[in-house]
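Please treat every number below as a calculation from the coordinates, not as lab data. All values derive from a computational prediction rather than experimental measurement. Cβ placement follows ideal geometry from the backbone for every residue including glycine, while neighbour counts extend to all protein chains displayed.
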Amino acid sequence: MSKQTLYTSKNWLGKTAAGVILGFGLAIALSGLFAWLGPMGLEGGSGKLQLTMWITAPIWITVISTCFLFKTGLRAWAWLGAANIIAFAGLYLARTMLG
Amino acid sequence: MRTDIVKMYKDVHTWVGIISGLALFIAFYAGAITMFETQLERWASPPADISAPPALEDVDSLIAKVHEAYPETRDNFQVQFYPAPDRPAMVTWQPPRPRSREMFSNTDFYAASLDANGELEVVTLERSQMAQLIDVLHQQVGLPFEHEVAMPIMGTIALMYAVALVSGVIILVPSLIKDLFILRRGKNLKRMWLDAHNVLGIFSLPFHIIMAITAVIFAFHDQIYDTQYEVVYGPERVPELWEVGEVPYPKHADDAQRLTPSEVVARMSEQAPGFTPMVLNYRKSRAGDKTLLVEGMDTRYIVRGPVTGMVYIDPVTGDLLRTDYMPGMQDGWHQTVISFFALHFGTYGGMSVRWAYFFLGLAGAFLFYSGNLLWIESRRKKSRRGKDAVQRKDVRILGALTVGVSLGSIAGISVTIAAAKWLPVMGLATGPVHMAVYYAVFLACVAWAFLRGAALAGKELMYVCALATFLIPFTSAVALLWPTGPVWNHGSLETLMVDLTALLVALCFITIARRAAKRIEAGPTDSIWSAGDVPTPTPAE
């Protein structure tokens, strides 16, 4: 087995910033996919509008709590950034095709 | 699990815990008390000098008389089917409130009844804002700022709280089986606190997960909605999306007669058997339509409000118009969203769940308190060769802060509750005065803790908490023994429960204070909990 770099809390700032900022972005984008592609699409009424807002919290919290599992802040930004790009691209596609 | 991951999450847990712990203590202690906000509000509302509510069939003539004497109430009044000390009449109204997010609601509140001769009788109610203050302390984690300023801070604390939960579980997993069902009391105090902290944390985890998620939403829902409008829906689509939420009032002739309260009750029981109407809100919409919002309970279902569910009905025909928040009649989306509210507010399962939430809230407060104690015990310096160690300065500061903030918030809340029965006689029964009383006691306790050190202040402030909490039943006892005096009792079981609970809690505080006193004398001297370690405050210090 190759030598593993150890996890440390020393580089918390970069990781936490990625978790808070890109985690929020990811939560918004995924909630958007739920809004457009989830059951009933945009026809779900005010109840779905509210639930779509609610589901951002568990996603955001999950990303912030797990972002420490990236080895470095840079990796956190890269991976979460890529996830954001994919999710927002999907949202853009959904909006242009269905909107 | 890899030890470096556990070690990393231990650091994360320590930092988020230390930063957010004391704010969360206040939020949970105050939150536990808000479980009985209704009861406290009734306990604190001065008796109104008004005749008993008329029989249901006389309500129509009462309403007609109110409208004649106060024309502005024609499209703005309430019918209360269950008058209580905080709303002691069947017909009540409040001047319209500008849409704002002020900390305390409008105090002007009018109640109408009929006297023995059938003449109209109207009084201004002095509703206590004490219970509201405790709710504000809960929502704003004890911060005295404007709502707009306090909420993002509360939200940040809530996010840290969520991280603390996840990291706490990760730390515990490797030793979960070994540590779970054991409380090791003995020489190693840290071990005992850790066992208590772990067992509380793991067993109340579902409660805490709910609280963390809902608190993040309550803090940031404006920002999340605004972002979603921009990037998810497109701003141009938003009004149309929400318009689904506007009540479709049918047009009626201007002189169409609204249903009387008893007719409303009859129509409701036809359409929604099992639903008990409690309050009727007669109003007018912005479009000028007459509206009727019925608040009520159906014990078979969870509800959206802190106490009641609600439904918009046609005031002329009584048809149910919008059932989004009507117990048992919502669509799946609303049902799901409402369950989050119910899980946060404990509005299901009646009184037993309220008491369970009360104890879960107190246990939560203790969880954060014990977290701080663990931080302190981990940094303890041991005596060597009979020479007493001096504890680190940061440890002494956090010790004093933990004792001062926790016990200060407890004492402050108790004093401001007791003050609710004394302030009206001085004409000072307003929210801001209750707030000033709370913060005066709270800040004095924090200052005292720094002056005396954690050990002595821990004992002394615990006695202060006991005394402060004892003031609550004492006030009611004064009312009992001095019926013509300025304070009052309502004589109902639920207000009596407030006094009994406070009395029991005060006795608990005395027990804890005695234990703390014993610890100062008999406990190890190399601890911030030993009075010997506290440097006497001198000008040079």
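Just a few scattered comments:
- Three-way shape call for the range B:379-541 based on the alpha-carbon gyration tensor, with the a/c threshold at 1.5: prolate
- Here the Karplus relation 6.51 cos²θ - 1.76 cosθ + 1.60, evaluated at θ = phi - 60°, turns the backbone of the range B:142-149 into coupling constants of x, 8, x, 9, 4, 3, 5, 7 Hz, with x for every Gly and Pro.
- Cα gyration tensor shape of the range B:174-294, rounded if a/c is under 1.5, else prolate or oblate by comparing a/b with b/c: oblate
- Projected area averaged over orientations for chain B, convex hull of C-alpha atoms, nm²: 30.8 nm²
- Taking all Cα pairs closer than 8 Å and separated by 6 or more residues, the relative contact order of chain B comes to 17 percent.
- When B:145, B:181 are arranged by Cβ crowding within 10 Å, least crowded first, meaning fewest neighbours, the order is B:181, B:145.
- Phi angles of the range B:439-448 translate, via the Karplus equation with coefficients 6.51, -1.76, 1.60 and θ = phi - 60°, into HN-Hα couplings of 5, 4, 5, 4, 5, 4, 5, 4, 4, 4 Hz per residue; Gly and Pro are given as x.
- Sorted by Cβ neighbour density within 10 Å, fewest at the top, the residues B:202, B:413, B:171: B:202, B:171, B:413
- Taking a straight line from the alpha carbon of residue B:393, these lysines sit under 19 Å away, with near neighbours fewer than eight places off in the same chain left out: B:381, B:382.
- Taking amide H as placed 1.01 Å from N in the peptide plane, residue B:389 has its amide H under 5 Å from the amide H of B:383, B:384, each at least 5 places away in sequence or on another chain.
- Neighbour-limited loop hits for trypsin sites (Lys or Arg not before Pro), the range B:88-179 (at most 15 other Cβ within 10 Å; DSSP other than H, G, I, E, B): B:99, B:101
- Computed [θ] at 222 nm, deg cm²/dmol, chain B (DSSP H ≥ 4; -39,500 (n - 2.57); rounded to nearest 500): -19000 deg cm²/dmol
- Built amide H within the under 5 Å cut-off of residue B:284, gap 5+: B:291
- Average Cα contact separation per residue, the range B:212-341, under 8 Å, 6 or more apart, as relative contact order %: 19 percent
- Translational diffusion coefficient (Stokes-Einstein; Kirkwood radius from C-alpha pairs) of the protein assembly as shown at 37 °C, 0.692 mPa s, in µm²/s: 119 µm²/s
- The string of couplings for the range B:505-510 from the Karplus curve (6.51, -1.76, 1.60, θ = phi - 60°) is 4, 4, 5, 4, 4, 4 Hz, one whole number per residue in order, with x for Gly and Pro.
- Nonlocal amide H pairs with residue B:321, under 5 Å, H built at 1.01 Å: B:312, B:313, B:314
- Candidates per trypsin sites (Lys or Arg not before Pro) in the range A:1-68, loop by DSSP, up to 11 other Cβ within 10 Å: A:3, A:10
- Cα gyration tensor category, rounded, prolate or oblate, for the range B:47-127 with a/c compared to 1.5: prolate
- Cleavage-rule hits, GluC sites (Glu not before Pro), the range B:122-216, DSSP coil, Cβ neighbours within 10 Å at most 14: B:146
- Kyte-Doolittle mean at least 0.5, axial Cα span of 24 Å or more - DSSP H helices of chain A: A:12-37, A:73-98
- Relative to one another, the C-alpha centroids of the range B:111-148 and the range A:42-99 are positioned 42 Å apart.
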